[in-house]
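A short worksheet on the structure shown next.
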Amino acid sequence: MPAEETTKTIKAYCLRLLARREYSRKELLNKCSLKGFQKSDVLPVLDELTDKGWQDDARYAESYARQRIQKGYGPIAVQYELSQNGVQIDTIQPLLHSVADSWLDVLEQVYHKKYTHDRRLSRQEWAKRSRFLMQRGFPADMVSALFTHLAIRFPKF
């Protein structure tokens, strides 16, 4: 296939993908590679799409972060997933502070969706709930702050 024809095919494929949802540059590159396109052919097309504003990693990161927060994931999980998808860390940090109004509010919503509000918990139940929240990507100090905020205690031995 001639180079010009390949470029048009790659561009059309990328635009079809971007019409459905936002993609990071890395995701588009991976998808094009899976389709059999050469990286050297894909990179100039991605540069053109970025220059025209059709592909933007910052816009992708914001969209992705909002989706993950709505599903109850914390800042650690969102940051990790975005970095795996090729978004630069300097884009992620300010975004995480601006997207979620308050991470403690998000954490509290996740907690109340999963658990009833008990003021007294056994050590095992407290640990189980803490592990669940940390697996969702919330840091341990934030989980402790939530339990303090909700006045949840476990019996002393």
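Nothing in this text is a laboratory measurement; each read-out follows from the coordinates by a stated rule. Since the structure is predicted, the reported quantities are computational estimates derived from the model, not experimental observations. Please note: Cβ atoms are built from the backbone with ideal geometry, for glycine as well, and neighbour counts cover all protein chains shown.
Taking the dipole about the Cα centre of the chain, with the C-beta of Lys and Arg at +1 and of Asp and Glu at -1, give me whichever of Ala65, His97, Ser144 is farthest to the positive side.
Result: Ser144.
Summing -39500 (n - 2.57) over the DSSP H runs of n ≥ 4 in the chain and dividing by its residue number, what mean residue ellipticity at 222 nm do you reach, to the nearest 500 deg cm²/dmol?
-22000 deg cm²/dmol, from helical runs alone.
Between helix 140-149 and the chain, what is the angle of the helix's C-alpha long axis to the longest principal axis, kept within 0 to 90° and rounded to the nearest 10?
Relative to the chain, helix 140-149 is tipped by roughly 50 degrees.
Using the structure shown, select from Lys35/Lys71; Lys8/Lys52; Lys31/Lys71 the pairs with a Cα to Cα distance greater than 20 angstrom.
As for pairs spanning more than 20 Å Cα to Cα, those are Lys35/Lys71; Lys31/Lys71.
Quote the charge dipole size of the chain about the Cα centre in Debye, to the nearest 20; the model charges only the Cβ of Lys and Arg (+1) and of Asp and Glu (-1).
The calculation lands at about 1060 debye.
With point charges of +1 on the Cβ of Lys and Arg and -1 on the Cβ of Asp and Glu, referenced to the Cα centre of the stretch 41-128, which listed residue (Gln55, Ser122, Val87) lies farthest in the positive direction of the dipole?
After comparing all options, I get Ser122.
Counting Lys and Arg as +1 and Asp and Glu as -1, what is the net charge of the other residues whose Cβ lies under 9 Å from the Cβ of Tyr13?
Taking every Cβ under 9 Å from that of Tyr13, the sum is +4.
Could you give the alpha-carbon Rg of the chain over 2.2 N^0.38 Å, rounded to two decimals?
This ratio for the chain stands at 1.41.
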